[in-house]
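Take a look at the structure set out below.
The values are calculated or read from the model by the stated rules, or taken from the named source; none is laboratory data. Just so we're clear, the structure is a prediction, and the values are computed from it rather than from any experiment. With ideal geometry, Cβ positions are generated from the backbone for all residues, glycine too; neighbour counts draw on all protein chains shown.
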Amino acid sequence: MTYGDNTPLRDTPEQRGQAYVLAVARDRHITARARKIRADVLVKKIPERAWQRLSAGAGAKGHRHYDWALTVIADGRPGHRHHGSGSR
């Protein structure tokens, strides 16, 4: 299980109004644009120009670079939700 599938873990920063990023399993269904879609399928639909390579900081083997894109999603709970992908 990835951290984004852990509802109590997601609830804590949301209740505090904190921004956060958590991974979800590729086969998790996400509501985006009024329909449910698998996370891995959603990532493939994001245009190439939307992606940015950013560093997540230095690690034991140097900087950890990930590709990120942002798209609005909805899941019926309060607040704004986005799907940011750290890999393609």
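Brief remarks on what is shown
- If the condition is being within 12 Å of the chain's Cα centre (by Cα), among the polar types (S, T, N, Q) and either modelled with pLDDT of 85 or more or not in a strand (DSSP E or B) (or both), then the range 54-88 contributes Ser85, Ser87.
- Any hit, the range 1-20, residues being in a loop (DSSP other than H, G, I, E, B) and at pLDDT 85 or above: no
- When the range 15-48 is filtered for residues that are touching a residue at least 12 places away in the same chain (Cβ under 8 Å), surrounded by 11 or more Cβ atoms within 10 Å (Cβ to Cβ) and in contact with a strand residue (DSSP E or B) (Cβ under 9 Å, 6 or more places away or on another chain), the ones remaining, listed by number, are Val21, Val24, Arg26, Arg28, Ile30, Thr31, Ala32, Arg38, Ala39, Leu42, Val43, Ile46.
- Just one residue in the set Trp51, Trp68 is on the phi < 0 side of the Ramachandran plot and in contact with a Gly (Cβ under 6 Å, 6 or more places away or on another chain); that residue is Trp68.
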